[in-house]
1. Give me the log10 of I(q) over I(0) for segment 9-114 at q = 0.20, 0.21, 0.22 Å⁻¹, as the Debye formula computes it from C-alpha points; what are the numbers?
2. How long are the semi-axes of the ellipsoid equivalent to the chain, from square roots of 5 times the Cα gyration tensor eigenvalues, in whole Å, largest first?
3. Could you work out [θ]222 nm for the chain from helices alone, using -39500 (n - 2.57) per DSSP H run of at least four and dividing by all its residues? Round to the nearest 500 deg cm²/dmol.
4. Multiply the residue separation of SER122 and VAL140 by 0.36 nm, subtract the distance between their alpha-carbon atoms, and state the gained length in nm to one decimal.
5. Extending each Cα 7 Å along its Cβ direction at GLN192 and ILE314, get the distance between those two points in nm, one decimal.
6. Once you have the Cα-Cα distance between ALA113 and MET44, take 0.36 nm times their residue separation minus that, and quote the gain in nm to one decimal.
7. Residue separation times 0.36 nm, minus the C-alpha to C-alpha distance between TRP168 and ARG149: what's the value?
8. Within the chain, which whole H helices from DSSP have a Cα span along their axis of at least 20 Å and a mean Kyte-Doolittle hydropathy of 1.0 or more, if any?
Amino acid sequence: MVAIAPERQIVGIDVSQAWLDIALRPAGTYWRFANQAQGWTELMEQLKDIPTSLVVVESTGGMERGIVQALQQAGISVAVINPKRARDFAKASGRLAKTDRIDASVLAHFGQAMEPLPKPLSSEAQTALSDLVNRRQQVVEMLNNEQRRLHSVRNRTAKADIETHIEWLKQRVKGLDEEIDQLRKEDASWQQQFEWLTSVPGVGRVVATTLLAALPEMGQIPSKQLASLVGIAPFNCDSGKMRGKRRIVGGRALVRSALYMSALVAVQHNPVISAFYQRLLTAGKAKKVALIACAHKLLGILNALVKQQIPWKIPSPQTSPHWLLRGQVIDK
């Protein structure tokens, strides 16, 4: 084993399908292990006697899940960050070249400089629910693609094949919905949160389940931080006298998409969100901007309901808190 300095180390791991490239900072040590169970075990063996404060990896479409779970089960804190953040940090620090070893070093440097929040350890049930919800989304995307193709096909055989595939995909969506519902109902905490979430007009079964699967932080962190995590918190773009448009960036695309679709329904059926939406339009905001703001507001309300463990109630001046009437959330 390579001798490592006694100070606590930040570990950056660049994940690919075949390999894990590891960099330690400030030690400056580099390793490479296979991205499979044997490689994970070898990495744990190397890290067991090294004071490690944080491991940083990029989100890589699921290839990082195995090593992240193995590290967390070993009691090591792991932060999973958006790849764009890491690349922007690399450019800002003058590292324009890109190799697996450099990427691992950048991640270690990022962890030391930015101190990202560790990802909470997911239970087997949480991982299973997340996998099922992600798979449902993938099947729905395939179904939508096939339905679009159906309109442009002229050949009778090809059209019949697409129609058969569409029917099969519909059955798979139905089957996945049943499996997701069964898994959710087996967990009393999930089922209770599901009931609180779906009590809000505009939030249906799919949106609520997506939040349970992909946003376990709900009810545990402030609403502003949660909105930033999802990617619906607008950021300023100002310089001197120039006031640029505020934009949303990054975040969890699946959750953001679900909240946007929920906002489309809420502006029609939720009195708080509808009134907020109309005020924004009256103030001259574009419809899409207003809808994003409504999704942000809706997330804040949902976060407050889960945090306070209460269902939605139709607002009234006599019975509802001032923050709910305004469609805003005050973290208590």
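1. Each listed q maps to, in turn, -0.97, -1.08, -1.20.
2. Those come to 37, 28, 22 Å.
3. -18000 deg cm²/dmol, from helical runs alone.
4. Additional length available on full extension: 4.0 nm.
5. Using points 7 Å along Cα→Cβ, the separation is 2.7 nm.
6. Contour length minus Cα-Cα distance gives 22.4 nm.
7. Full extension of this stretch gives 5.3 nm more.
8. Result, helices passing both filters: 253-269.
The numbers here are math on the coordinates, done by the rules we state, and not lab data. Note that the coordinates shown come from a computational prediction; the quantities given were computed from them, not determined experimentally. Neighbour counts run over all protein chains shown; Cβ positions are idealised from the backbone, glycine included.
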